[in-house]
Amino acid sequence: MSLLEDLSKDRRVVLYAVVLALAIILIGTMGLKFGLDLQGGSYLQLQLQGAVAQVDVTPEKILEVQFNASSVEKLGNSYVVMVPGIVKATLPDDLGYSGSKMVEQNNVTKITIIATPETVITNFLKTNLDADVKIVAVGPVQYEIRTNVTRDSLNALLAPVGGRVPTGENTFVDGVTVETVDETKKVLDSKLNRLGLQDIRVRVVDNKYILIDLAGMDVATAQDVVGKPGKFEIRIQTDNNQTIHVLYGDAVSSVEIPNGDRSGGWGVPFTLSEEGAAVFQKAAIDAGAVKSPDAHPISMYLDKDEIFSAPLAAELAGSLQKVPVRTLEARVGSGDAASEKAKELYIHLREGALPVNVVIVGSGQVSAALGKQFKVQMVIAGLIALLAVALMVFYRYRERRVVLPMVATSFSEVVMMLGIWSLAGWQLDLASLAGIIMVIGTGVDQLVIITDELIRGSEAVPVESDRSIKERAAEAAEKSGVGKAVATSSKVYLSRLSRAFTIILGAAATTAVAMLPLLYMGFGALTGFALIIIVGVILGTAIARPAYGRIIGHILAGN
Amino acid sequence: MELEDIVSKYPPKQIMLIPVVIIVLALISLGVTYLNTGSPVKLGVEFTGGTLVTVPATESEDAVAAEYAKYPLVDVRNIGNRYMIQFGPMSDSEYSDLAKQTVSKYGTDAEIRHMGPIYSKELQAQVLRYLPISFLLMAAVVFVVFRELMVSLLVVISALADILTAAASMNITGVQLSLGTVAALLMLIGYSVDTDILLSMRVLKRKGTTDEKIIGAMGTGFMMTGTTIAAVFSLIIVSNFLYLIIPSFTRMDIIADMTTVLIFGLAADIFNTWVTNAQGLRWYMNRPRKSARGQKR
């Protein structure tokens, strides 16, 4: 009993016991989550394509080439483009310059475009690459191009307009910004949630890859689901409080990234196809929305859920009476909430299409039955490992009193680790379980170091298995002139323990740092393995082994 | 005792010839493979790109092979009560067909792993980037722990010898480089120096002759590696052999690969710690004082 009393006063032992108890409670209440390979389902690995680049080009030259113009002049915040002959009325809209004015005189068309130099460059990249382009930094201006481009392909594209990517390493960086990756992840999340799928995990790796786990789904379905757009619909309210169908998503030819205006208002600009604009105009006139907009709001639906509803703006209603309008904007109000809402609407307007071009780099499925079987096999492997380790320890020390605490400590480390995993909600996959078994094997090493340091403190003799541990411990205690009862607080004991811990710390640190790269490698496939080994090493060195040092000291010196 | 003989009977320089020969042989094996295939070890499907499908073994292997004949079939293997079918790189639409065909026949009972060209290329780049980082981090920790150039260097050299031997053993046993084996190599980098640290600490910090201290450390060190080998061995049995005896079990590839490399690495570690590193320490500790100042004996 005195052993227990002594130990209960030791802070390290108490900490160890508390953490262990906590871990058991956590596992009991929160349970353990298993990875896809133990649970069954399918996974997709997507690569986000894109680059952030600086561009060296004059906007006037771009407009000159795009419009086939004789002259381009910048006047204030607009460009005046002179084009010989008659220009197709939709040309400015097609090139992304909506709201331009066109006047034809003496067989020369004068087009006034309200745009900043950056807008011109952005529009040029957008129309030529058929992808979203966003300004992500100013001074120098950096453009995020959300599709697969290389420095060379961009240079080739800019050559006809006399532009290029400036030389230097920072002028062209592969990959998209963190915000864009985040946005893409959100789109996927919202899309998969809308489909009512359970148990979906979307992760970002390396800021470049998105991994999607879809539990309980086969891979053919998974590829369909992720690749398939949602169903977008515009409806208009008629006289008798009913809405009628106007357009489907195929009539929306492009959606702009939401922009706040000067007064803090937010909206999502989008463009209808020519036919779409005509249908929209007709529907608005037929329903009477052009005359009394407030009574006939326009609403938008995605997969039957209403995502937006508002009356036509007064000036839009005015124009619609005369001509079809292709460029529209869904305004959502002002403030931070509106900015969020605009972003969400932007995603929905695009029918859940991803903001960035993605390619599927890998995919697959795991059988649920196989996963269950793997789990059983790993538990068996764990038990065999524990038994094998116990036998090895017994073979060396021939002493039950050493074997039991050692194996118990090793096992309790596993329990603590599982406690952390259930608290954090991390998933255990096949590799993680292998990691746990490795921790059983390597964790005992350090207990061996402690035990050996304590038993054979300052002498350096080969193992003499014919002598019992008690004898050796007693001899060691005698040699250092310490009585048995006070051994655990003696200077010699503490110095030996601290020497053991120098070795352990060194060994633990090397194992942990060597595993660090694995956290980032292999598209997250081995993150679990690396994390288990690292956490196991930390947990063992910080909590379990100090307590073991005390306990084994008491046991060796006691009775 | 035999162990003592190995440690102290011969002068360090003679014994050191053995590890030198082994390292040279390992380098030759890696070099020959490099000249033949363009990489020092054989690359597995994760690094070359391709598709792995495992399905319940309900028909004969030939029937399964015939069923998938229109795809770039590489190999059909029996792994317990399942077949593992390996395909070479294929186009996205081909893969899409393959996935649909497999799912429509076997449903979610089939296991599919598809690795596209971007995946495998990126993985190769990652290994080339991270394996050296891991090694350098380990070396940095070792230098911080000992703060003595020669002792640290001996530890790092032993670790390097372990990795080279483990990699060469992959070529001999036909284990290909996969994510699992890369994890094993990384683990070896960190783990194999543990016994070297123990040895060097004991030799530096304890009283007594170097030979005695080395033999003393040996007992602890053998035990350390022994328990790890015990854990690895149980994984090998369950992942790689149990399915041959118990029909309902299946081979667990990632773990089988991982543990094969680990077992070779650990065996190499025993040798490199207690021969390479220990003899190095013997030479270093017993060197004439003058040579410590950099003069030749």
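So if we plug the beta-carbon distance of A:Ile380 and B:Ser39 into 1/(1 + (r/R0)^6) with R0 = 45 Å, what FRET efficiency do we get, rounded to 0.05? Could the numbers behind the result be given before it?
Details: r = 35 Å, r/R0 = 0.79.
Once rounded, the FRET efficiency stands at 0.80.
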Cα extents of chain B per principal axis, largest first, Å, are 76, 38, 30
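With a length cut of 15 Å (Cα positions projected on each helix's long axis) and a Kyte-Doolittle mean of at least 1.0, go through chain B and give me the DSSP H helices that pass.
Values: long enough: B:17-37 (30 Å, 2.22); B:92-106 (21 Å, -1.18); B:117-146 (44 Å, 1.28); B:149-173 (36 Å, 1.88); B:179-191 (18 Å, 2.05); B:193-205 (17 Å, 0.72); B:210-236 (37 Å, 0.96); B:253-271 (28 Å, 1.60).
Correct list, ordered by number: B:17-37, B:117-146, B:149-173, B:179-191, B:253-271.
Can you tell me which of B:188-197, A:12-21 comes out highest on packing, and rank the rest after it, using the mean Cβ neighbours within 10 Å?
Values: B:188-197: 29.2, A:12-21: 16.6.
Ranking, from highest mean packing down: B:188-197, A:12-21.
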Enumerate the whole-percent occupancy of each 10 Å bin, from 0 to the last occupied one, for all C-alpha pair distances of the stretch A:367-456. 15, 43, 27, 12, 2, 0
May I ask you to list the residues of the stretch B:82-108 whose amide nitrogen lies under 14 Å from a point 7 Å from Cα along the Cα→beta-carbon direction of B:Glu61? B:82-86
What whole-number distance in Å separates the alpha-carbon centres of the stretch A:1-74 and the stretch A:513-529? 13
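With 26 Å as the limit, write out which pairs from B:Lys42/B:Lys121; A:Lys33/B:Lys42; A:Lys126/A:Lys185 have Cα-Cα distances beyond it, or answer none. Intermediate results must be reported in sequence, preceding the final value.
Working: B:Lys42/B:Lys121 15 Å; A:Lys33/B:Lys42 35 Å; A:Lys126/A:Lys185 22 Å.
Over 26 Å Cα-Cα: A:Lys33/B:Lys42.
Just add up the charged neighbours of A:Gln427: K/R +1, D/E -1, any other residue whose Cβ is under 12 Å from the Cβ of A:Gln427.
Numbers: positive: A:Lys33, A:Arg201, A:Arg203; negative: A:Asp37, A:Asp199, A:Asp213, A:Asp429.
Summing Lys and Arg as +1 and Asp and Glu as -1 gives -1.
Once Rh for the stretch B:50-115 is found with the Kirkwood sum over Cα pairs, what is the Stokes-Einstein diffusion coefficient at 20 °C and 1.002 mPa s, in µm²/s? Before the final figure, lay out the partial values.
Details: Rh = 11.7 Å.
Answer, rounded: 184 µm²/s.
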Considering every Cα-Cα pair within the stretch A:57-165, what fraction, in whole percent, is farther apart than 19 Å? 44
B:Ile28 to B:Leu128: extension gain in nm, 0.36 nm per residue of separation minus the Cα-Cα distance? 34.0 nm
Give me the orientation-averaged projected area of the Cα convex hull of the stretch B:146-297, in nm², one decimal. 10.4
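When the helix-only estimate is applied to the protein assembly as shown (DSSP H runs of n ≥ 4, each -39,500 (n - 2.57), divided by the residue count), what is the mean residue ellipticity at 222 nm, nearest 500 deg cm²/dmol?
Values: 34 runs with 473 residues, N = 856.
Only helices count here, giving -18000 deg cm²/dmol.
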For chain A, which DSSP H helices look membrane-span-like by this rule: Cα extent along the axis of 27 Å or more and mean Kyte-Doolittle of at least 0.5? A:11-30, A:368-397, A:400-424, A:430-455, A:491-515
Project the alpha carbons of the stretch B:134-214 onto their principal axes and report the range along each, largest first, in whole Å. 46, 25, 16
Provide the percentage of antiparallel DSSP beta bridges, counting only those with both residues in the protein assembly as shown; round to the nearest 5. 95
How high is the relative contact order of the stretch B:26-139, in percent, with contacts defined as C-alpha pairs under 8 Å that are six or more residues apart? 31
Under a straight-distance cross-link criterion of Cα-Cα below 25 Å, which lysines are reachable from B:Lys13, leaving out those fewer than 8 residues away in the same chain? B:Lys205, B:Lys207, B:Lys213, B:Lys290, B:Lys296
If you take the square roots of the eigenvalues of the alpha-carbon gyration tensor of the stretch A:155-251 and sort them as a ≥ b ≥ c, do you get rounded (a/c under 1.5), prolate (a/b over b/c) or oblate? oblate
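Over the stretch B:50-115, what is the relative contact order in whole percent, taking alpha-carbon pairs under 8 Å and six or more residues apart?
Values: 90 pairs, mean separation 30.7, N = 66.
Once normalised by length, the contact order is 47 percent.
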Could you work out the equivalent-ellipsoid semi-axes for the stretch A:232-350, taking the square root of 5 times each eigenvalue of the Cα gyration tensor, largest first, in whole Å? 21, 15, 15
Sum of side-chain charges, A:Leu328 neighbourhood, beta-carbon under 14 Å (Lys, Arg +1; Asp, Glu -1): -3
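Net charge within 15 Å of B:Ser248 by Cβ-Cβ distance, Lys/Arg positive one each and Asp/Glu negative one each, not counting B:Ser248 itself? Intermediate results must be reported in sequence, preceding the final value.
Details: positive: A:Lys372, A:Lys375, B:Arg82, B:Arg251; negative: B:Asp109.
Cβ neighbours under 15 Å give a net charge of +3.
Quick one, what does Rg over Rh come out to for chain A if you take C-alpha atoms and the Kirkwood Rh?
On the way: Rg = 34.7 Å, Rh = 29.3 Å.
Computed over Cα atoms, the ratio is 1.18.
Here, each number is a calculation from the coordinates, and none is a lab measurement. Predicted model, so just to flag it, every value in this text is computed and none were measured. With ideal geometry, Cβ positions are generated from the backbone for all residues, glycine too; neighbour counts draw on all protein chains shown.
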